[in-house]
Structures are given as C-alpha cells and as structure tokens.
Amino acid sequence: MSGLVRRSRRSAVEPHVTKDGSIIRELMHPAVHGNRNQSLAEAEVSPGTATAPHRHHRSEELYHVVAGRGLMHLGRESFEVAPGDTVLIPPGTPHWIEALGEAPLRILCCCSPAYAHEDTELLDSA
C-alpha cells in the first residue's frame, strides 16, 4: 500500500483545540495518514473544565480513559470514568465529559467514520 503511513508518534503530533473545546492530538486520521475508515485521537481536558455538549450525526465514538478521572454525560445518563474505562457513544447521542480532580483527563477517542468538524453539532444543553 504505497502512500499509507503506518505509524504516528505522539511526540510529533501538534495539539489543537477542537470544536468541543478539548485539546486534541490526531494520532491517526485519513486526511493525514491515508487510513480509510476511522480516526484515533488523544483528547485532554484540563482539571475543572468540560468539553462542550455535542453530538456526531454519523460517527460512532469510543472513549478510552488513560489518565485522570471524569464525569461522562451520555444522553440522559451521567457516570464517573477512570483509567481503563471505555465508553461507547452511538451516532446522534448528545455527550460531553468533565475532568474531575487535580490531574488532566486524557482519553483516546476512536471515531468511525473518521472525525470530521462538519459532523459535530454543538448543543446549547443536552
């Protein structure tokens, strides 16, 4: 498969703030790496802050917590998450996450199809 980048180093990926307000590092994305069906990003939410309530109309997401603690809001449910927890976010489901405690909340986010700003709808409230 020519043109396909098979590896990405976190240290080489510049972070940016995405539409929901989290700090994102796109670890693997079709627009950059040539993969086709999904994206993988690391999100960081600073202590005492939260992402904006939002939903993705097409993408199914998986959040895997790697550091910190958080309060996940998923549809009408809210529950705490900690390292090792994985959350399924079906397409169309309102969601946001708050960082609890003193440490940043770090999450691996997998989207299929791949994350796209135009697929992200910010919500006034969920």
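Could you please rank 6, 106, placing first whichever residue has the fewest other Cβ atoms within 10 Å of its Cβ? It would help to have the intermediate numbers written out before the result.
Working: 6 9, 106 19.
Listed from fewest to most nearby Cβ atoms, that is 6, 106.
Springs between Cα atoms under 10 Å define the GNM used for the chain, and in it the highest mean-square fluctuation of 22, 39, 112 occurs at 112. Taken along the Cα-to-beta-carbon direction at a fixed 7 Å, the label points for residue 36 and residue 102 span 4.9 nm.
Using a Gaussian network model of the chain in which every pair of alpha carbons under 10 angstrom is joined by a spring, one finds that among 55, 69, 36 the greatest mean-square fluctuation is at 36. Put the Cα centre of the range 60-126 next to the Cα centre of the range 10-40 and the gap is 15 Å.
Spin-label pair residue 79-residue 49: with each label point 7 Å from Cα along the Cα-Cβ axis, the two points sit 2.7 nm from one another.
Using a Gaussian network model of the chain with C-alpha springs under 10 Å, which one of 32, 45, 81 is most mobile by mean-square fluctuation? Checking each option, the largest mean-square fluctuation is seen for 32. Computed from the C-beta positions of residue 67 and residue 117, the FRET efficiency with R₀ = 22 Å rounds to 0.30. In this calculation the C-beta distance from residue 9 to residue 58 is compared with R0 = 25 Å, giving a FRET efficiency of 0.30.
A short reminder: the numbers here are calculations on the coordinates, not readings from a lab. In this text, all values refer to a predicted model and were calculated from it rather than measured experimentally. Quick reminder, even Gly has a Cβ in these numbers, built from the backbone with ideal geometry, and neighbours come from all protein chains shown.
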